[in-house]
Amino acid sequence: MKAHEALIAWSGWDDESPMRGKVAVGRIVGEGQISWTDGYSNTGGAALEARRKMRGAQSLIGVVKDFHYLVVDERLDPEAVHKAFLAIDEYAKLFG
């Protein structure tokens, strides 16, 4: 899926969520659809309207910033974040 469609969901290590320390990437949830993000405490990527409008290099920069945030600030496992982000076409093309 393209970065502008990719919803990122995660729960940091400090969260009390049952998904603590987990990350997933999937399509943004449309109105009236059941959310696949239940159980996660945070969402990003296409959850932000501005990110859904980004294309090209700007979109890839946003994905790389998300990766950095999840690994450095949220302390998620880099390999787990990498595997989840492979669902994003732009990321997979560069780092897959």
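Bear in mind that the values in this text are calculations on the coordinates, not laboratory data. It should be emphasised that the depicted structure is a prediction, and the values quoted were computed from it without experimental measurement. Quick reminder, even Gly has a Cβ in these numbers, built from the backbone with ideal geometry, and neighbours come from all protein chains shown.
Taking all Cα pairs closer than 8 Å and separated by 6 or more residues, the relative contact order of the chain comes to 35 percent.
Can you tell me the FRET efficiency between Arg55 and Asp15 if r is taken as the Cβ-Cβ distance and R0 is 22 Å, rounded to the nearest 0.05?
So, using R0 = 22 Å, E works out to roughly 0.10.
Need the list of aspartates and glutamates near Lys22 for cross-linking: C-alpha distance under 18 angstrom, and skip anything on the same chain fewer than eight residues off. Within the straight-line limit of under 18 Å, Lys22 reaches these aspartates and glutamates: Asp14, Asp38, Asp66, Asp73, Glu74, Asp77, Glu79.
With a cut-off of 14 Å between beta carbons, the residues surrounding Arg27 carry a summed charge of 0, where Lys and Arg count +1 and Asp and Glu -1. For the pair region 77-96 / region 5-43, the C-alpha centres are spaced 16 Å from each other. Please return the longest stretch of the chain lacking exposed loop sites, where trypsin sites (Lys or Arg not before Pro) count only if DSSP places them in a loop and at most 16 other Cβ atoms lie within 10 Å. In the chain, the maximal stretch lacking such sites is 21-54.
Let's test the formula: R0 of 30 Å, r as the Cβ-Cβ distance of Phe95 and Glu31. What FRET efficiency results, to the nearest 0.05?
Working: r = 32 Å, r/R0 = 1.07.
The value I calculate is 0.40.
Restriction of the GluC sites (Glu not before Pro) in region 1-78 to DSSP coil positions whose beta-carbon has at most 10 other beta-carbons within 10 angstrom yields Glu16, Glu31. In this Cβ point-charge picture (+1 for Lys and Arg, -1 for Asp and Glu), region 3-95 has a dipole of about 360 debye about its Cα centre. Calculated mean residue ellipticity, 222 nm, the chain: -9500 deg cm²/dmol, from DSSP H runs (n ≥ 4) at -39500 (n - 2.57) each, averaged per residue and rounded to 500.
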